[in-house]
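The values are calculated or read from the model by the stated rules, or taken from the named source; none is laboratory data. Note that the coordinates shown come from a computational prediction; the quantities given were computed from them, not determined experimentally. FYI the Cβ positions are ideal-geometry reconstructions off the backbone, even for glycines, and counts take in every protein chain you see. Please note that ligands, DNA and RNA were not included when accessible areas were found on the heavy atoms of the full protein model with its side chains. Shrake-Rupley method; radii C 1.70, N 1.55, O 1.52, S 1.80 Å.
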Amino acid sequence: MSTIQTVATTPYDDQKPGTSGLRKKVPHFQQPNYVENFIQSIFDSLEGFEGQTLVIGGDGRYYNREVIQIALKMAAANGFGRVLVGRGGILSTPAASNVIRKHGAFGGIILSASHNPGGPTEDFGIKYNIGNGGPAPEKITEAIYARTKSITEYRILDAPDVDLDSIGTGALGGMTVEVIDPVADYAELMESLFDFTAIRAMFEGGFTMAFDAMHAVTGPYATEILENRLRAPAGTVRNGEPKPDFGGHHPDPNLVHAKALYDLMMSTEAPDFGAASDGDGDRNLVIGRGIFITPSDSLAMLAANAHLAPGYAAGLAGIARSMPTSAAADRVAEKLGVGLYETPTGWKFFGNLLDAGLATICGEESAGTGSNHVREKDGLWAVLLWLNILAARRQPAKAIAEAHWAEYGRNYYARHDYEGIDTAAASALVDDLRARLAALPGTSVGGLKVAAADDFAYLDPVDGSTSAHQGIRILFDGGSRVVFRLSGTGTSGATLRVYIERYEPASGNLAQDTPDALAELIAAAEAVASIRERTGRVAPDVIT
């Protein structure tokens, strides 16, 4: 007979959730009671879940199965009535959001470190999503962190492990456990949003595509939807088997880690369309034959053409983007006559806008795009919307992009990441910039005149909450800008992100190479922040 154990524990001082939950290296999570402390702190920070449903799943990375067993037994010991868990412990982040929403769950625990590497010495993560399917807001994550600093015990059921590989219903103490098909609900949702008949006809007419699942969670979803339901040729989905170490690769769909796909799409052997998704399925990469479409541009182009998909035929309520994302979507919102909302980085900030019906499509420059169908960004959703647009317009992606720039102008844009730099040095760089903000307007940097400079703060139009210190913005005459921000998604050192943007009107030169178009701004960013001097880095690690 299963019994509930109350186990004495002591706090860890480093369990503060970031923008996407708690992320550390696997060995860190394997410390005694480390996982248990954090999960118990989640439950201790919530109220009213007695007898309610909890969703649990992850991206299949190393240590996923072990933590799911712990979470199941702790959920049973803490009073949940039912848990829905993906077969094999698998649920992509957007699929988990959909399951929470569709089944009226109280919330969900998602085990992922998103686009970060996996393996015995690599990254792992735990985050809590609330009943709307979105990431926990700051008031909850702050409560969780406070609890981790004072926790003295946790509760867990002494019971055998649950069979995660067989779909069906069983009991764990007094709690029901349902192992569900991780793909079925999500595929059904996608079929309700997009014109599968038109996309299927496009594939049957000879359209070709390469989708790189990066040995991550999206493989089963892409195979079922693209190859089975849309009848794309077998082999369209590459690296489709999820692996605990992502096949030894970095599951971030950018031009560095998905270089093989990029090289293919720029070659004479290129299929008509290329795409990729990341570790937990919430990010996307879109490459047409002969053209990489930046995430910022992709957001704008998807918003401008969303009406071509049945699920968005009625139009958009509004568009939301993170502050570092380029202003390309702003011009689409202006033409559509809908609201444009500029938020801090972190998908949780879009949740209130979506719930209030103020926005329909949201996006971040870090390859995250989504809509009000769930409360997470959704990589495969973005790819399917692109396919729907391609099927409706009967033009290649490059022609669609060029037509968009000819109508709206082009926001030349790049992000420079300096990864794993000394935390103290990175903080000092940002602190120094912040201290000089008031003096920068009116000065010149590398021949560019500073029009304004600030530290971005956000006032949520729905609940009135404020979020300060969300990124340093330096705006130059003519609409160009440079943004500096420390990222919260890594697990070691600090990542300094520098965002560089220059707007070229529709009447200007729309065919420049991005590095050439941004050269003057890149030099200005170095001059104003002394990146090389302060960090010792002569060049960014990743440019996207």
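Output yes when any residue across the stretch 13-24 is open to solvent by 20 Å² or more (accessible area, probe 1.4 Å), acidic (Asp, Glu) and either modelled with pLDDT under 95 or assigned to a helix (DSSP H, G or I) (or both), and no when none is. The answer is no; no qualifying residue exists.
Conditions tested, residue by residue: (1) in contact with a strand residue (DSSP E or B) (Cβ under 6 Å, 6 or more places away or on another chain); (2) farther than 13 Å from Val430 by Cβ; (3) without any contact (Cβ under 8 Å) to a residue 12 or more places away in the chain.
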residue: Leu475; (1), (2), (3): yes, yes, no
residue: Gly508; (1), (2), (3): no, yes, no
residue: Asp513; (1), (2), (3): no, yes, yes
residue: Ala523; (1), (2), (3): no, yes, no
residue: Arg537; (1), (2), (3): yes, yes, no
residue: Val542; (1), (2), (3): yes, yes, no
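A single entry from Arg289, Arg283 fulfils the requirement of being of a type in the set (Lys, Arg), within 12 Å of Ala367 (Cβ to Cβ) and open to solvent by 10 Å² or more (accessible area, probe 1.4 Å): Arg283.
If the condition is being over 23 Å from Ser366 (Cβ atoms) and open to solvent by less than 20 Å² (accessible area, probe 1.4 Å), then the stretch 428-450 contributes Leu437, Leu440, Val445, Val450.
Criterion applied to Leu518, Leu510 was being open to solvent by less than 40 Å² (accessible area, probe 1.4 Å), modelled with pLDDT of 95 or more and part of a helix (DSSP H, G or I), and the one residue passing it is Leu518.
Of all residues in the stretch 406-427, those being at pLDDT 95 or above and either open to solvent by 40 Å² or more (accessible area, probe 1.4 Å) or out of contact with any strand residue (DSSP E or B) (no Cβ under 8 Å at 6 or more places or on another chain) (or both) number 3. Residues of the stretch 172-187 that are assigned to a loop (DSSP other than H, G, I, E, B) and more than 15 Å from Leu72 (Cβ to Cβ): Asp181, Pro182, Val183.
Answer with yes or no whether Pro244 is at pLDDT 95 or above, surrounded by fewer than 20 Cβ atoms within 10 Å (Cβ to Cβ), assigned to a loop (DSSP other than H, G, I, E, B) and touching a Gly at 6+ places or on another chain (Cβ under 7 Å). Can you show your working first?
Details: at pLDDT 95 or above: yes; surrounded by fewer than 20 Cβ atoms within 10 Å (Cβ to Cβ): yes; assigned to a loop (DSSP other than H, G, I, E, B): yes; touching a Gly at 6+ places or on another chain (Cβ under 7 Å): yes.
Here the answer is yes, as Pro244 does meet what is asked.
Among the residues of the stretch 38-50, the ones that are touching a Phe, Trp or Tyr at 6+ places or on another chain (Cβ under 6 Å) and within 10 Å of Tyr154 (Cα to Cα) come to 1 in all. Strands (runs of 3 or more DSSP E) fully within the stretch 62-171 that include at least 3 residues being closer than 30 Å to Ala258 by Cα: 82-90, 107-111, 123-129.
Of everything in the stretch 1-34, what is within 16 Å of Met74 (Cα to Cα) and polar (S, T, N, Q)? Give them in sequence order. Those that are within 16 Å of Met74 (Cα to Cα) and polar (S, T, N, Q): Ser2, Thr3, Gln5, Thr6, Thr9, Asn33. Considering the stretch 408-466, and only residues there that are without any contact (Cβ under 8 Å) to a residue 12 or more places away in the chain, of a type outside the set (Gly, Ala, Ser) and outside any helix (DSSP H, G or I), the residue that is farthest from Asp477 (Cα to Cα) turns out to be Thr466. With the structure loaded, tell me whether Ser41 is modelled with pLDDT of 95 or more, in contact with a Ser or Thr (Cβ under 9 Å, 6 or more places away or on another chain) and not in a loop (DSSP other than H, G, I, E, B) or whether it fails that test. Taking the combined requirement at face value, the residue satisfies it.
Here's the yes/no breakdown for (1) under 25 Å from Thr19 (Cβ atoms); (2) at pLDDT below 95; (3) aromatic (Phe, Trp, Tyr); (4) within 23 Å of the chain's Cα centre (by Cα):
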site: Ala76; (1), (2), (3), (4): no, no, no, no
site: Asn116; (1), (2), (3), (4): yes, yes, no, yes
site: Lys149; (1), (2), (3), (4): yes, no, no, no
site: Glu153; (1), (2), (3), (4): no, no, no, no
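Name the residue, out of Ala391, Ala320, Ala356, that is surrounded by fewer than 22 Cβ atoms within 10 Å (Cβ to Cβ) and of a type in the set (Gly, Ala, Ser). Going through Ala391, Ala320, Ala356 in turn, the sole match is Ala356.
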